[in-house]
1. Given the structure, is A:ARG155 basic (Lys, Arg) and within 21 Å of A:ARG71 (Cα to Cα)?
2. Go through the range A:54-95 and count every residue that is surrounded by 20 or more Cβ atoms within 10 Å (Cβ to Cβ), free of Cβ contacts under 8 Å to residues at least 40 places away in the same chain and touching a Pro at 6+ places or on another chain (Cβ under 6 Å).
3. Looking only at the range B:24-36, which residues are of a type outside the set (D, E, K, R) and either buried (at least 16 other Cβ atoms within 10 Å of the Cβ) or facing chain A (nearest Cβ under 8 Å) (or both)?
4. Looking at the structure I just gave you, is B:LEU16 outside any helix (DSSP H, G or I), surrounded by 13 or more Cβ atoms within 10 Å (Cβ to Cβ) and more than 9 Å from chain A (Cβ to nearest Cβ)?
5. Please specify each residue of the range B:38-49 satisfying the condition of being without any contact (Cβ under 8 Å) to a residue 24 or more places away in the chain and either within 12 Å of another protein chain (Cβ to nearest Cβ) or basic (Lys, Arg) (or both).
6. Find the helices (runs of 4 or more DSSP H) located wholly in the range A:89-169 whose residues include 1 or more that are under 15 Å from the mean Cα position of the chain (by Cα), and list them.
7. Mind listing whichever residues of the range B:4-34 are under 19 Å from A:CYS41 (Cα atoms) and not hydroxyl-bearing (Ser, Thr, Tyr)?
Amino acid sequence: MIAWKFLEAGRVGPFSGFRWPVDEWVSAPEGAGEDRWIHACRPSDLPYWVPASPTAELWRVELDAPVVAHRWQVASPRARLLEPVVAWGPAVERELRRECSAQARRLAAGASGVEPAVTAQYVQTADTWNAGCGMFALAQLARTIGGDAAGDAERARQARWLAERLELE
Amino acid sequence: MTSAPPHLTCQHLVELVTEYLEGKLSHDDRSRLEQHLCFCDSCVKYLEQMRQVLRATGRLTEESITPEAQEKLLDVFRKWKAGGA
């Protein structure tokens, strides 16, 4: 299965600290449970994992079978990095931040039954923080206005934006 | 699949950090915590501080502290508990 993975500069796993080789299969520790398998993203998972660091990298990865689907990621006992998504970088991060900010304003302007101070707080967060935080704030704003389904729909919209902008297949 | 929202605040993270570092969180809770870490620099710093504390103190045993140091620590603790520190 083809998936994607955000890494810190130099192909370092943000939580594991593992430095990934390119085009070499990497296995989870022998006998490791699913919790310690290698995690990656489907396009729909990417909005949840957008990193704050401007030097972060996004890589296309191949996952070996079996692949287990979780709510916000997929996991496999073996994976290899294929190539970086060159479209991802500070310019797209800035574009994404502006887009989140504009969308938050649109949502806030059409909100009814929600305290303006609450929507203003979300808009301010989307305006001033990094893209990952802006996307989170925007999804929370949508959830506050329209419930869980609206929050999930906003996350799906963000995923489509990323997939189109980064030309993920 | 659970319908719980992927919403974890900095305060939640502080409450969960010990279980996270001990690998005791459920898969979804760990995901929520790590998603928060993706965009919250303050919590990244906090987590690193907690790791440093564990590295520094994880090796200490009761026997490795001098009686004087032990008494000082207990004194600080007693004052803190009494609200005087």
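The values are calculated or read from the model by the stated rules, or taken from the named source; none is laboratory data. Not measured: the values here are computed from a predicted model. Here the Cβ positions follow ideal geometry from the backbone for every residue, glycine too, while neighbour counts run over all protein chains shown.
1. Values: basic (Lys, Arg): yes; within 21 Å of A:ARG71 (Cα to Cα): yes.
Yes.
2. Here the count works out to 0.
3. Kept after step one, since they are of a type outside the set (D, E, K, R), are these residues of the range B:24-36: B:25-27, B:31, B:33, B:35-36.
Scanning the range B:24-36 gives B:LEU25, B:HIS27, B:SER31, B:LEU33, B:GLN35, B:HIS36.
4. Answer is no for this residue.
5. Of everything in the range B:38-49, those that are without any contact (Cβ under 8 Å) to a residue 24 or more places away in the chain and either within 12 Å of another protein chain (Cβ to nearest Cβ) or basic (Lys, Arg) (or both) turn out to be B:CYS38, B:PHE39, B:ASP41, B:VAL44, B:LYS45, B:GLU48.
6. A:90-109, A:131-146, A:148-165
7. B:PRO5, B:PRO6, B:HIS7, B:HIS27, B:ASP28, B:ASP29, B:ARG30, B:ARG32, B:LEU33, B:GLU34
Conditions tested, residue by residue: (1) modelled with pLDDT of 90 or more; (2) of a type in the set (D, E, K, R); (3) under 21 Å from A:ALA137 (Cβ atoms).
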residue: B:PRO5; (1), (2), (3): no, no, yes
residue: B:ASP41; (1), (2), (3): no, yes, yes
residue: B:ARG55; (1), (2), (3): no, yes, no
residue: B:ARG59; (1), (2), (3): no, yes, no
